[in-house]
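Notes to accompany the following structure.
Each reported figure results from applying straightforward, stated rules to the coordinates on display, with no laboratory input. Just so we're clear, the structure is a prediction, and the values are computed from it rather than from any experiment. No Cβ is skipped: glycine too gets one built from the backbone with ideal geometry, and neighbour counts run over all protein chains shown.
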C-alpha cells in the first residue's frame, strides 16, 4: 500500500490517473503463450501525461543481496534480491524513496538484471497510477515468473573437479603427461586413473563436441605412437614428441590485457577496442582469447556481486 503523498504530488498523480488509458496487451510471450503490456507500452502511455502534469519518477540504482535457497533437488541455489528505490516529485515537492524488490537467479547474467529492472519499474507505475491492462488476469505475474524461472546454463557436472577452469587444467596436464609415456602399460594405466576426469569432460562439453573429439584423437594418436615404439630396438632413440603449440605475440598480449582489466565496464571497453585485433587471429587463437575473456568476465561479475551484497 502506498503511504500518504504530499498534496502537490497527490494532485499530480490524480491528474495523470484521470487521463491514462487502458493499455492493450500487444506483446506475446512465446514460451508461456500469453499476452502482456510491455515496458514500452507503459512508458508510451505514462511519459506524455507525466510531462503534461509536471510529474517526475526517478528509479535509482539497484542494491543487491545474495539469498541462498534450496532448489527442487535439495541443493543450495543462489538468488539475487534486487532492490530498486523510486522517488516521485512535482513542483518542487518530492515523495520517496520507496523500495521494491525483485528476485532473479544470481547466474542469469546482465540481460536478466535488465529485465528485472524493467519489470520493477513497470509494476511501480502500475501500482502508482492504478493502470489496467485488460481483463482480470494479471498477465504480468506470468512475466515475473518467466524472469525468475528463465532457462539458465546447465549445472556443472559431478566429478573430481569443481569448475571448468580446474577441469580444463586437469585435461591439459593429462594430455601433456600421456604424450611423454613410452609403453602401453603406463599409458593404459594413466588413462584408467583419469577415467573420472575424462567422463566429467565429456559430460561438460558433450560427447559430440569438438573438445571431446580432440581428446579422443589424442588418445588414439598416443596409443599408435606407443605401439610403434614397442617395435623399435630397446636402445633406439626416443620417439620425438610433436612440437608444442606456441601462441602468437598478438594472442598472448590480448590475453594479458584482458586479465589486467579490474572491472566489468573496463573489460567491456577493452573488448570494443580489441575487436579489430581479435578479428586478425585464426579460429583457434581467437577461441583461446575469447575463452580467457569469458573466464575473466565471470570472475569480475562474481566479485562485483559479492561486493554489492
Inset, instruction - Once you have the Cα-Cα distance between residue 156 and residue 87, take 0.36 nm times their residue separation minus that, and quote the gain in nm to one decimal. - result: 20.7 nm
Legend entry - Potential extension, residue 221-residue 165 segment - 0.36 nm per residue separation minus Cα distance: 17.6 nm
Legend entry - Rel. contact order, % - alpha carbon contacts under 8 angstrom, at least six apart, the stretch 164-230: 44 percent
Legend entry - Virtual spin-label span in nm between residue 176 and residue 7, 7 Å along Cα→Cβ: 7.8 nm
Inset, instruction - Report the full-extension gain for the segment residue 18 to residue 264: residue separation times 0.36 nm, less the Cα-Cα distance, to one decimal in nm. - result: 84.2 nm
Legend entry - Ascending count of other beta-carbon atoms within 10 Å, so fewest first, for 272, 223: 272, 223
Inset, instruction - Compute the FRET efficiency between residue 272 and residue 298 as 1/(1 + (r/R0)^6), taking r as their Cβ-Cβ distance and R0 = 25 Å, and round to the nearest 0.05. - result: 0.85
